Amino acid sequence: MSSFLFLSHSHASGPFRVGSHHLARELARTGAEVVHLSTPLSLAHRVTGRVSRADAAATPRGTHTDDAGVTHLVPRTLTPRPFGSFRVERELARHSLPAAFDTVLIDQPLLWDASVRPLARTLVYRPTDLYPSGVKADLQRRIVTAADAVVATSAEVLRGLGDVDVPTLVLENGVDLGHVAASDSAARPAVCVYVGALDERFDWLQVIRWAQARPDVRFEIAGPTPGPRAVPANVTLLGPVAYDAVPALLHGARVGLLPLSDDPLNAGRSPMKLHEYLGAGLSVVARGTPVIGARESQGLYTYDGPDDAEAALSRALAHPSPNLAGAAGAAASSWPEKTRTLRAFLASLPTR
């Protein structure tokens, strides 16, 4: 039986599901032993409010195993990573988890320490974002030096690593079709929806421009961060939406929004929302990036900036609804397909 350890930036008890959660689940469903350890929840973050009391209370202490058989662990520490004495190997031992795996996949640079490399025969760095400078950039360089392979979520993220002397694979994020697919064939109302993080990578000004230009369209924005105090009347701020409630929200909309800001980190993103929107039968309007390009036959429309954003939205609204072509295309990006690709790549790596 194969064994895998994921060292990930996000835990599975929060409002979002990320690629490591889906890959871990699919690997476990094939019979593999899978442990998913995510960024520690520190006392400093709780005291300063960066992690709310509600979020901390909702995060299980110790290990818990989900329905697919993945063992999850969110460590509790005094100080944030990479500070303090936390070590991955020590944390695994503290919870009676294995000390050896066939493969370690790390996407959180802050979880790197000297104990990680000896944990597995194969160490795979799985970068999901660009880290041009700072602590994460330094830790990323150390990981790449020690890794046996790199599996990046976009070609842009892979380019951001510079010269890499190990085998590489670009494996973009996928979609849980069983979770988001719709069975209703009725045309959707003129509703545009966004579900996800509402941080500096999100362009609030563009959403407001769209809403002002199209008062006949309703815009529903779901995310855990409060939005602007004043928004047009046709913009609804839903707050955080539980993962299990997302499909119903998507099925009530016609267009999925990806209003990316000028933040340079957006250049390398492989948004899971893109595939989820398409898989749920929505057309999509997104700001174009080196990773996201138009596929209008599948209902994906892009814009460069404010001058052409309204026209792109109008084309997305006019696309046949539900977007059956987009849903069919999303099937090629299902997580089982992504996992098969990953396993084939791992099998091709030279043995240590």
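The values are calculated or read from the model by the stated rules, or taken from the named source; none is laboratory data. What you see is a predicted model; the values in this text were computed from it and never measured. Note: ideal-geometry Cβ built from the backbone for every residue, glycine included; neighbour counts use all protein chains shown. Note: areas computed on protein heavy atoms with side chains; ligands, DNA, RNA excluded. Shrake-Rupley method; radii C 1.70, N 1.55, O 1.52, S 1.80 Å.
Tally Lys/Arg at +1 and Asp/Glu at -1 over every other residue whose Cβ is under 9 Å from the Cβ of LEU123; what's the total? Can you show the working numbers first?
Working: positive: ARG117, ARG121; negative: ASP148.
Overall, the nearby charge balance is +1.
Can you give the accessible area of LYS136, probe radius 1.4 Å, in Å² rounded to 10?
70 Å²
Treating only the Cβ of Lys, Arg, Asp and Glu as charged (+1, +1, -1, -1), what charge dipole size does region 1-157 show about its Cα centre? Round to the nearest 20 debye.
Working: 18 positive and 14 negative charges, 103 e Å.
Result for region 1-157 is approximately 500 debye, rounded to the nearest 20.
Can you tell me which of ALA245, ALA187, ALA12 moves the most in a GNM of the chain? Springs connect C-alpha atoms under 10 Å apart.
Ranking ALA245, ALA187, ALA12 by mean-square fluctuation puts ALA245 first.
PRO82: net charge of surrounding residues, Cβ under 13 Å, Lys/Arg +1, Asp/Glu -1, itself excluded? Provide the component values of the computation, followed by the final result.
Working: positive: ARG81, ARG87, LYS136, ARG142; negative: ASP113, ASP138.
Combined, the nearby Lys, Arg, Asp and Glu give +2.
Per residue, how much accessible surface does region 57-161 expose to a 1.4 Å probe? Answer in Å², no decimals. Mind showing how you got there, number by number?
Details: 4550 Å² over 105 residues.
Each residue of region 57-161 exposes 43 Å² on average to a 1.4 Å probe.
Which angle between 0 and 90 degrees, to the nearest 10, do you get for helix 135-146 versus the longest principal axis of the chain when only C-alpha atoms count?
60 degrees
Among VAL217, VAL291, VAL135, which one shows the highest mean-square fluctuation when the chain is modelled as a Gaussian network with alpha-carbon springs under 10 Å?
Top of the fluctuation ranking is VAL135.
Compute the distance from the alpha-carbon center of region 37-108 to that of region 297-347, in whole Å.
Using only Cα atoms to place each centre, the spacing works out to 33 Å.
For region 76-230, which semi-axes, largest first and in whole Å, follow from the square roots of 5 times the eigenvalues of its Cα gyration tensor?
Taking √(5λ) for each eigenvalue gives 38, 19, 18 Å, largest first.
Under a point spin-label approximation (7 Å from Cα along Cα-to-Cβ), what is the SER96-ALA311 distance to one decimal in nm?
Inter-label distance under the simple model: 6.5 nm.
Taking the chain as the reference, fit the longest principal axis to its C-alpha atoms, fit the long axis of helix 306-318 to the helix C-alpha atoms, and give the angle between the two in degrees, 0 to 90, nearest 10.
The angle comes out at about 80 degrees.
Between HIS179 and SER85, what's the calculated FRET efficiency when r is the beta-carbon distance and R0 is 41 Å? Round to 0.05. It would help to have the intermediate numbers written out before the result.
Working: r = 39 Å, r/R0 = 0.95.
So, using R0 = 41 Å, E works out to roughly 0.60.
Around LEU317, what is the net charge, scoring Lys/Arg as +1 and Asp/Glu as -1 over all other residues with Cβ under 12 Å from its Cβ?
Values: positive: ARG188, ARG214, ARG218, ARG254, ARG315; negative: ASP216, GLU310.
Local charge sum for LEU317: +3.
Pop out the carbon and sulfur fraction of the accessible area of region 215-352 as a percent, whole number, probe 1.4 Å.
Working: 3280 of 5970 Å².
With neighbouring chains kept in place, the figure for region 215-352 is 55 percent.
For the chain, what is the convex hull volume of its Cα atoms per residue in Å³? Don't jump to the answer; show the numbers that get you there.
Details: hull volume 47.5 nm³, N = 352.
Per residue, the Cα convex hull of the chain comes to 135 Å³.
Could you compute the FRET efficiency for ASP66 and ALA190, with r as their C-beta to C-beta distance and R0 at 51 Å, rounded to 0.05? Could you put the intermediate results ahead of the total?
Working: r = 38 Å, r/R0 = 0.74.
Calculated value: 0.85.
Using 0.36 nm times the number of residues separating LEU43 and ALA332, minus their current alpha carbon distance, what extension gain do you get? Can you show the working numbers first?
Values: separation 289, 0.36 × 289 = 104.04 nm, distance 4.19 nm.
99.9 nm is the gain from fully extending LEU43 to ALA332.
What length, rounded to one decimal in nm, is gained on full extension from TYR243 through to ALA197, with 0.36 nm per residue of separation minus their alpha-carbon distance? Write out the running numbers ahead of the final one.
Values: separation 46, 0.36 × 46 = 16.56 nm, distance 1.30 nm.
Stretched out fully, the TYR243 to ALA197 stretch lengthens by 15.3 nm.
Quick one: dipole size for the chain, taken about the Cα centre, charges +1 on Lys/Arg Cβ and -1 on Asp/Glu Cβ, in debye to the nearest 20. The partial results should precede the final answer.
Details: 35 positive and 34 negative charges, 162 e Å.
Here the chain has a charge dipole of around 780 debye.
Considering only protein heavy atoms, what per residue accessible area in square angstrom results for region 242-303 with a 1.4 angstrom probe? All intermediate terms of the calculation are to be shown ahead of the outcome.
Details: 1840 Å² over 62 residues.
Spelled out: the 1.4 Å probe surface of region 242-303, per residue, equals 30 Å².
So how tilted is helix 204-213 from the main axis of the chain? Cα-based, degrees 0 to 90, rounded to 10.
Helix 204-213 sits at roughly 20 degrees to that axis.
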